[in-house]
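Worksheet for the structure shown next.
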Amino acid sequence: LQKILILLHVTACVLVGKTLMILFPDAMKRYILKQGERSRMNANPKFSYENWGPTFFSFKYLLFVLKVKWKRLEDEAYEGHPAPNTPVVTLDGEVRHLLDFIQDNRPLILNFGSCT
């Protein structure tokens, strides 16, 4: 049921977005560029709107957004419920699942950080 609701929501958003791009191309360009500022996508001088702007609200865009949103359904964690078996990539580039790293009855500890 959740996947159907997501499908309907994303499809409606893409149809509205595509219609607005056809009817009001300049306004939609300003809107998409404004969204690009928030994500700092516009900061890259090699990234011009003409290269990526028209891809918004395309069929490929619809499929990508659906794939991401459906994948997130599987990754939701709830207190008191089993942890999701999320795919992870090892340093060697191998795709494994989080629960593959559990050994015997030892707890699995995840440590998140960043390096600069």
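General remarks:
- Dipole in debye (nearest 20) - the chain, about Cα centre, beta carbon charges: Lys, Arg +1; Asp, Glu -1: 620
- For the range 1-74, the percent of C-alpha pairs falling in each 5 Å distance bin, counted from 0 to the bin holding the largest distance, reads 3, 15, 22, 21, 19, 12, 6, 1, 0.
- Built amide H within the under 5 Å cut-off of VAL88, gap 5+: ARG96, HIS97, LEU98
- Greater than 25 Å apart at Cα, pairs in LYS3/LYS60; LYS46/LYS71; LYS46/LYS69; LYS29/LYS71; LYS34/LYS69; LYS18/LYS69: LYS46/LYS71; LYS46/LYS69; LYS29/LYS71
- Among the chymotrypsin sites (Phe, Trp or Tyr not before Pro) within the range 66-101, those in coil by DSSP and having at most 15 neighbouring Cβ atoms inside 10 Å are TYR78.
- Low-density loop positions, GluC sites (Glu not before Pro), the range 19-116 - DSSP coil, at most 11 other Cβ in 10 Å: GLU76, GLU79, GLU94
- Heavy-atom surface analysis with a 1.4 Å probe gives the chain a carbon and sulfur content of 61 percent of its accessible area.
- Surface accessible to a 1.4 Å probe, per residue, for the residues of the chain, Å²: 86
The values are calculated or read from the model by the stated rules, or taken from the named source; none is laboratory data. On a predicted model such as this, the values are computed, not experimentally measured, just so you know. Using ideal geometry, Cβ is built from the backbone for each residue, glycine included, and neighbour counts are taken over all protein chains shown. Ligands, DNA and RNA are stripped out before the accessible areas are found, and what is left, the full protein with its side chains, is counted by its heavy atoms. Shrake-Rupley method; radii C 1.70, N 1.55, O 1.52, S 1.80 Å.
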